[in-house]
Amino acid sequence: MKYLILGAAIAASTTFASVASAADVPVSPTYQLKRQQVQVFNWTGFYGGVHIGYGFGETKDAVFTGLGINTNGFVGGLQAGYISDMGIWAVGLEADISFGTLGGDANFFGIDAEHKYKYESSVRGLIGIPMNNGRLLPYVTAGVAFAKAELRIPTFGLISKDNYTGVIAGLGIRGALTNNLSWDVGYLYTDYGSQSAFGFANAVDAHNHKLRIGLKYRFGT
């Protein structure tokens, strides 16, 4: 009997010691991880802006000289548009107008020819993929181009002022500076094809390239 009592006492003391030892072990604190919310930028809205850039191309006079007139010069202008940002895709419509010094001249056996764009404009659709939490928007664009151009043949005192219509396409990237202000860098290729001059059909064949940078302001946000 006394051995039974002794065994119970030893077991009880061992249990108590284990509980006491466990109570001395520090308990690790519980950390609650908070998921940081990232605000995704959205491009939806109407905007307006300005741009500057450099253009170069060629205009072929098919009537008097047959020459390809190399054109180049600086451009600058205005644009306005609307973008609908759907998360994965962003689509929009933009209209712009540019003025500048884009033009050139050539000489063929003493016959001078000069070509200059008085202004150029376009209406283009665009589609892009928002990246970097929406703050970058790489895009492609295409549409219809218009121009007022002047072809001169000073040797004969001739001037032809004509309206061109063609196609335009390009690509670029936009980046958000603030909720309203963004930058834009892009390339545009314009092909007017064959145009009339001096009353002759298909007298001029013109195309050009432009590299532009700009700032845009989004309204109402």
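The values are calculated or read from the model by the stated rules, or taken from the named source; none is laboratory data. Given the structure is predicted, the values throughout are model-derived calculations rather than measurements. Note that each Cβ is placed from the backbone with ideal geometry, even for glycine, and that neighbours are counted across all protein chains shown.
Summary of computed values
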| item | result |
| --- | --- |
| Residue satisfying all of: in the range 196-221; among the aromatic types (Phe, Trp, Tyr) and not in a strand (DSSP E or B); nearest to LEU93 (Cα to Cα) among these | PHE219 |
| Pairs where the first residue, in the range 157-180, is in contact (Cβ under 8 Å) with a residue 12 or more places away in the chain and the second is of a type outside the set (Phe, Trp, Tyr) and not in a strand (DSSP E or B), C-beta under 6 Å, 6+ apart | ALA176/ARG135; ASN179/THR221; ASN180/THR221 |
| Failed condition for GLY186, given (1) touching a strand residue (DSSP E or B) at 6+ places or on another chain (Cβ under 7 Å); (2) within 25 Å of ASP61 (Cα to Cα) | (2) |
| Filter result for VAL40 (modelled with pLDDT under 95, in a loop (DSSP other than H, G, I, E, B) and over 30 Å from the mean Cα position of the chain (by Cα)) | no |
| Leading residue by the ranking (modelled with the lowest pLDDT) among those in the range 132-159 that are within 25 Å of GLY73 (Cβ to Cβ) and of a type in the set (D, E, K, R) | ARG152 |
| Cross-chain or 6+ apart pairs with Cβ under 7 Å, the range 190-215 first and touching a residue at least 40 places away in the same chain (Cβ under 8 Å) and small (Gly, Ala, Ser), then surrounded by fewer than 21 Cβ atoms within 10 Å (Cβ to Cβ) and not in a strand (DSSP E or B) | ALA197/VAL63; ALA203/ALA62; ALA203/VAL63 |
| Residues being outside any strand (DSSP E or B), at pLDDT below 95 and either among the aromatic types (Phe, Trp, Tyr) or out of contact with any helix residue (DSSP H, G or I) (no Cβ under 8 Å at 6 or more places or on another chain) (or both) - total across the range 89-131 | 1 |
| One residue from GLY172, GLY193, GLY186, GLY166 being in a strand (DSSP E or B) and surrounded by fewer than 14 Cβ atoms within 10 Å (Cβ to Cβ) | GLY193 |
